Amino acid sequence: MKMYKMITAAMLIMVLGILSLSCGAKTNSAAAANQVAGVQRGNLNISILASGNLETAHEENLSFYSAGTVAEVLVKIGDHVEVGQVLAKLDTAPLESSLAQAQINVKSAQQALENAQTPTTNSSGAVIAAPDPLTIEIKQLQLQNSKANLAEAQKSLDKATIIAPFAGLVTDVNVVPGDQVSANAVGVRIIDPENFQTEVLVNETEIYQLSIGTPATVQVVALPGYSFPARVALMAETPTIASNVVNYKVTVQMDPVGATASQNQTTPRTFPGTASGNQTAPGNQAVSGNQTSGQQSARRSYTGQASATSGQLSRQQSQTTTALPAGLRLREGLTVTISIVTEERNSVLLVPNRAITSRGGKYYVQVVSASGVTEERVIQAGITDGQNTEVISGLSEGDQVSIASNAAASTTTSTSTQQRTQTPSITGGGIRIPGVTTR
């Protein structure tokens, strides 16, 4: 009997131990299921992201006014020219001969008109025939025609020389000495190498968020690390429709690149033939959308800055301003990524989207006190960048909020889907925040 009691007591102790370990595991599992993040201040930017190709904002195809033989070509492709510089010349000998003949014709026509206006007289000076009005009119028209031909001959001689209308870069030379050219044939093309623009397509759901002068940033795929300031310069009134998708052409004009460019100082990169510099590849370069005529429709892009905490991604980037390396310049046709800022919030309270739940058109967070007690609290949400949301009211800086781990898997998917479908930014009141759990 005593042995039986001892065995029973031992079994009871074992059962109690197993139950205790099980409860402890559940408690630890529940604790591990949630993370805690601090509410901090940071910046949120919401942008329309699109891609396109650089084109010069100012170019000129220069031609000879009249046909003739090319006598001199004074520039080559890649030359920088100044305003008023002579670029090419025709053989002017035939044009000078034509001008001289036109001058003779004018004098002859003037003399003929004077003769027609003089009455016919006899040897004694008596008028025997008055001037014929019709003859005078004909001679006047002939004189006008001769003067017009003289002006044209002078213009042909003056424009036998191609002169640069502005300081720029020679991109095409289509003639060589000895060539026979026709009138208005393009001989030289020059561009302004410091002023570029890009034409992109913006979806109808985004177009009303833009206006002339809206700031933008241009990043050149071939020059990672450099960001060029720009602005919206033109917005088309008529749509571009492809596959039932309505877009509008938007022209984004860059600030003169001879000034400065914004450079992210993180990852070193060396350009051939230039000094090495600290540069980093630009982010958010993937673009989705329907392509039309080499353009790509825009999508939403979200960037934020906040101090790194548990469950949050720090997006702070150290930036400085620097000129492009010597000998490095932008080129027509380069692929670029355009980021047009539509909304911006600086120094606002931020909470991770994974900490927010939606219920009945309202947004809630679980606030964790210093003692570990959790309290559900209603918040008023502002804009979101897909990871963090602006908190207008309901939280204070330094508050700790609980992040459910089961929301982590859906966060990336929800954000990515929003970018592809161009879901507008939220302002609260029933519009779904990417990454927010709905109950």
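Worth pointing out:
- Here the strands (runs of 3 or more DSSP E) wholly within the range 165-248 that include at least 3 residues being farther than 30 Å from residue 71 by Cα are 196-203, 215-220, 226-235, 240-242.
- Residue count, the range 332-387 (criterion: acidic (Asp, Glu), assigned to a strand (DSSP E or B) and within 30 Å of residue 54 (Cα to Cα)): 2
- Boolean, residue 109 is part of a strand (DSSP E or B) and surrounded by 13 or more Cβ atoms within 10 Å (Cβ to Cβ): no
- Matching residues in the range 353-386 - criterion: being within 23 Å of residue 342 (Cβ to Cβ) and surrounded by fewer than 23 Cβ atoms within 10 Å (Cβ to Cβ): 380, 382
- Inside the range 44-72, residues that are closer than 21 Å to residue 221 by Cα, over 12 Å from the mean Cα position of the chain (by Cα) and of a type outside the set (Val, Ile, Thr) make up a count of 1.
- The number of residues in the range 28-48 that are modelled with pLDDT under 70 and of a type in the set (Ser, Thr, Tyr) comes to 1.
The values are calculated or read from the model by the stated rules, or taken from the named source; none is laboratory data. Everything quoted here is computed from the prediction, not taken from an experiment. A quick note on method: Cβ atoms are made from the backbone with ideal geometry, for glycine too, and the neighbour counts reach across all protein chains shown.
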